[in-house]
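The structure under discussion appears below in the form of structure tokens.
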């Protein structure tokens, strides 16, 4: 019994130091970064309001995670997250209809490519940078529905998932 207790105690002492942690519990950011400023992403695409949706979703994701405070103040921020939306494409990937002349697209793939960097304003260095962060998502357009409405809803969902992916990458180093 004493050997089992010692073995368990040794396991408890060893495993917390092995470097593994549950997703959502770690932090890749330096400890001095408490406030992050996230200005509006620059939109180099023709997609209307894509900059608003992606920026808002990234801000919301940082707030939800609660690891750092999001601020609008340049003076009080410890870091700044800069985003530049480089491309936004929508491509049909599946078609309904038997004849080539009747075929209409009913499934699409959206690809968003964003240049993202997080700069440490205290130590004046780049903490994270990805010049081509790519996020892809598929969506379906059911028969009889408006393509534009479905695409707008898909972009809203993609903005949320993109933000979650970027914030996890930045905060947890995945």
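What follows draws every value from the coordinates through simple rules; no lab data is involved. Predicted, not measured: the structure shown is a model, and the values here were computed from it. Note that each Cβ is placed from the backbone with ideal geometry, even for glycine, and that neighbours are counted across all protein chains shown.
What is the fewest-to-most order of 150, 68 by other Cβ atoms lying within 10 Å of their Cβ?
Listed from fewest to most nearby Cβ atoms, that is 150, 68.
Please compute the contact order of segment 28-106 in relative form: average sequence separation of alpha-carbon pairs under 8 Å and at least six residues apart, divided by the residue count, as a percent.
37 percent
Give me the percent relative contact order of segment 28-172, please, defined on Cα pairs under 8 angstrom at least 6 residues apart.
The value is 24 percent.
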